[in-house]
Amino acid sequence: MKVYNDYASKNIDKPAFIEVLRLVQSFVWRRFILGLPTSVLNKIFMTLYDKIDPENYLPSIQKILTSKSGTQKFPQDQEVLDSLKSKDIYSFQPKNKFYFFEKLENYNNNEIVVINGNNDITIEHIFPQKPDSSWRNDLKLSDLAFLEENLHTMANLTLSGNNGPLSNKSFPEKKEMNKDNGEQGYIYSRLWLNRYLKEIERWDREAWEERYKILSDRFLEIWSRPQIKTEDENPNVETNIFDADDPTSKKLEYAIFMGERLEINNVTSLYVEVFRMLFTLQPETFFNHSELRGKINICKEPDRLIAPEPISDTYFIEKNIGSNVYKFDRIEQALTIFNLEDELIIKYADN
């Protein structure tokens, strides 16, 4: 709404306003495809406007969003493609499914096809959910198994105004059908999503792969990610702990946890300080949550520990628990339990 207010107040022009909306759509939709948590979005958008550079409006938003890491990240192209290839699109909630196919169909198309609420057009499986015997006779077993495994994926789904007549028919029938001059087949379709289906003679793994490539290229054009170069070439930049490199033999320059900068230079100190802050925040979780209780050694008697470190007036934690990797693992488990995955940023020392 604040960006819209800037547009209404003529602080930004209409093209810039539209590009901001497209950027946010891409950011949210790519995250949805990867299954990233939506709980962090409030936190991201709550402070986003305050970080905008009025003199560099759109690029500053692009830079802010593409610099996010961990569960807040703006997914890269390859991450999206890896997820999209096997994603069960058919099981999306209807509003998401219709949005997805409407955008794919109508991209750069002045003749808009409305899908949501249009009873004449439905989502159809090219290789059907209940294929008739002709499919088994026409396909190799390996192709048949592949199509069955990828039944609900993007590449096997299309739009049709003739889902009923096409049903579980063979691909040649689906392509050529003209029952009672009804022009039900793909060759008669005016939809972009059926354009490739007009050109092929059979639907097998090879055709599936080619259509996936066509659709995925279109996906990356619609929901694009800005290509922002990082100004700092130093690999030791601030990083969410979940995205950090292997900590073996590494020193820290500092850490930031829940907005507080921690002046610590080793992983053991980080381990103790994070658990001290978590214990102060919610001590009961350490005793009520079975995973924490079983893996984080906390007690009132320091003599029971090899290397005790106080985390409160009465409780101590064992800090001699093994490698830096092991400590990172325990910290990440605790952050997940506390729903604080985005709250710990570390910076390795340059040396």
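Here are a few things to note about the model shown:
- Scan of segment 240-255 for residues that are closer than 15 Å to Leu335 by Cα and part of a loop (DSSP other than H, G, I, E, B), ordered by number: Ala244
- Of all residues in segment 72-98, those that are surrounded by fewer than 17 Cβ atoms within 10 Å (Cβ to Cβ) and part of a helix (DSSP H, G or I) total 10.
- Answer from Glu173, Glu201, Glu183, Glu206 - the residue that is open to solvent by 50 Å² or more (accessible area, probe 1.4 Å) and modelled with pLDDT of 95 or more: Glu206
- Complete set of residues in segment 119-142 that are open to solvent by 20 Å² or more (accessible area, probe 1.4 Å) and either charged (D, E, K, R) or touching a helix residue (DSSP H, G or I) at 6+ places or on another chain (Cβ under 6 Å) (or both): Asp120, Thr122, Lys130, Asp132, Arg136, Asp138, Lys140
- Among the residues making up segment 267-285, those that are farther than 15 Å from Glu309 by Cα and open to solvent by 40 Å² or more (accessible area, probe 1.4 Å) are Leu281, Gln282, Pro283, Glu284.
- Any hit, segment 101-112, residues being assigned to a loop (DSSP other than H, G, I, E, B), at pLDDT below 90 and among the aliphatic types (A, V, I, L, M): yes
- Counted residues, segment 58-83 - those being in contact with a helix residue (DSSP H, G or I) (Cβ under 8 Å, 6 or more places away or on another chain) and among the polar types (S, T, N, Q): 6
- Selection status of Leu151, at pLDDT 90 or above, part of a loop (DSSP other than H, G, I, E, B) and of a type in the set (A, V, I, L, M): yes
- Conditions (1) among the polar types (S, T, N, Q); (2) in contact (Cβ under 8 Å) with a residue 12 or more places away in the chain; (3) open to solvent by 80 Å² or more (accessible area, probe 1.4 Å); (4) over 30 Å from Thr66 (Cα atoms): number failed by Asn288: (2)
The values are calculated or read from the model by the stated rules, or taken from the named source; none is laboratory data. Note that the coordinates shown come from a computational prediction; the quantities given were computed from them, not determined experimentally. Heads up, the Cβs are rebuilt from the backbone with ideal geometry, glycines too, and the neighbour counts pull from every protein chain shown. Just so you know, the surface numbers come from the protein's heavy atoms only, side chains and all, with ligands and any DNA or RNA stripped out. Shrake-Rupley method; radii C 1.70, N 1.55, O 1.52, S 1.80 Å.
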